[in-house]
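> Below are the structure tokens for one structure; questions will follow.
The values are calculated or read from the model by the stated rules, or taken from the named source; none is laboratory data. Since the structure is predicted, the reported quantities are computational estimates derived from the model, not experimental observations. FYI the Cβ positions are ideal-geometry reconstructions off the backbone, even for glycines, and counts take in every protein chain you see. Only protein heavy atoms, including side chains, enter the accessible area calculation; ligands, DNA and RNA are left aside. Shrake-Rupley method; radii C 1.70, N 1.55, O 1.52, S 1.80 Å.
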Amino acid sequence: MIVLRDMIRSDIDDYVRWFTTDTEWMKMDAPWESEIGVEEDERKSWNEYFKSVQGLADDAVRWKYEIELDGRHVGWVSRYTYLEYLDNPGDIPAVGIDIPETDVHGKSVGTDALRMFLQYLQIKGFRSFYTQTWSGNAPMLRVAEKLGFKEACRKEGCRIVGGETYDALTLRLDV
């Protein structure tokens, strides 16, 4: 069963591992800017982040939730408003998802978790959403299509990954 939840202290160890040793997921999530972290720096950074989100009021609109699958922390969903290559004067939230635990890929965990997050944001009053990715991220493009996102903007040839050129994509969902 998939659960979206706030961060707990034990998640820090997962984040440190995901950003230092188990980094395969970075090949899909903005690989042109991904850097492998240093364990000490990552632990300090994630401890600081954890402290900053502890004690959020129950009714505070979350910008990030952890994804738990059958009691195991496997990734996160998040929202943001800064969009590359597209003005966003209405601050329509963009949503993203990362699932570093590669053994759960291809099992609809990403689609289901992002659907749950979109439903949560709709309850909080949001009616439109963006997501941004690149044309080489086939798993994210499949998730976006399943959820009803449509292409809103394409910046051709601006992503170079492994010596290949890809497009930057912004997709939009109106509910």
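> Quick check on the range 62-87: of everything there that is assigned to a loop (DSSP other than H, G, I, E, B) and open to solvent by less than 20 Å² (accessible area, probe 1.4 Å), which residue is modelled with the highest pLDDT? Can you show your working first?
If we filter the range 62-87 for residues that are assigned to a loop (DSSP other than H, G, I, E, B), which is where we start, we get 62-63, 70-71, 81-87.
Within this subset, residues satisfying the condition of being open to solvent by less than 20 Å² (accessible area, probe 1.4 Å) are 62, 83.
Working: 62: 96, 83: 93.
Once the filter is applied, the top-ranked residue is 62.
Yes/no matrix, rows are residues, columns are (1) of a type in the set (D, E, K, R); (2) farther than 26 Å from residue 18 by Cα; (3) surrounded by fewer than 20 Cβ atoms within 10 Å (Cβ to Cβ):
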residue	(1), (2), (3)
103	yes, no, yes
108	no, no, yes
111	no, no, yes
115	yes, no, yes
126	no, yes, yes
129	no, yes, no
134	no, no, no
147	no, yes, yes
174	yes, yes, yes
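> Kindly check whether there is at least one residue in the range 114-134 that is in contact (Cβ under 8 Å) with a residue 60 or more places away in the chain and either assigned to a strand (DSSP E or B) or closer than 15 Å to residue 29 by Cα (or both).
Yes - at least one qualifying residue is present in the range 114-134.
> Turning to a different aspect of this structure: For residue 149, state whether it is in contact with a strand residue (DSSP E or B) (Cβ under 7 Å, 6 or more places away or on another chain), of a type in the set (Phe, Trp, Tyr) and touching a residue at least 40 places away in the same chain (Cβ under 8 Å). Before the answer, list the steps.
Working: in contact with a strand residue (DSSP E or B) (Cβ under 7 Å, 6 or more places away or on another chain): yes; of a type in the set (Phe, Trp, Tyr): yes; touching a residue at least 40 places away in the same chain (Cβ under 8 Å): no.
No.
> Something else about it: Mind checking whether some residue in the range 18-34 is in contact with a Leu (Cβ under 8 Å, 6 or more places away or on another chain), open to solvent by less than 40 Å² (accessible area, probe 1.4 Å) and assigned to a loop (DSSP other than H, G, I, E, B)? Show your work before the answer.
First, the residues of the range 18-34 that are in contact with a Leu (Cβ under 8 Å, 6 or more places away or on another chain): none.
No; the residues of the range 18-34 include none that is in contact with a Leu (Cβ under 8 Å, 6 or more places away or on another chain), open to solvent by less than 40 Å² (accessible area, probe 1.4 Å) and assigned to a loop (DSSP other than H, G, I, E, B).
> State whether one or more residues within the range 53-61 are surrounded by 11 or more Cβ atoms within 10 Å (Cβ to Cβ) and among the acidic types (Asp, Glu).
no
> Please go through the range 136-145 and pick out each residue that is surrounded by 14 or more Cβ atoms within 10 Å (Cβ to Cβ), small (Gly, Ala, Ser) and part of a helix (DSSP H, G or I).
144
> Go through the range 152-172 and give me each residue that's in contact (Cβ under 8 Å) with a residue 24 or more places away in the chain, over 14 Å from residue 96 (Cα atoms), open to solvent by 50 Å² or more (accessible area, probe 1.4 Å) and in contact with a strand residue (DSSP E or B) (Cβ under 8 Å, 6 or more places away or on another chain).
Result: 152, 155, 160, 166.
> Scanning for something outside any strand (DSSP E or B), out of contact with any Gly (no Cβ under 8 Å at 6 or more places or on another chain) and in contact (Cβ under 8 Å) with a residue 60 or more places away in the chain, does the range 37-52 turn up at least one residue?
no
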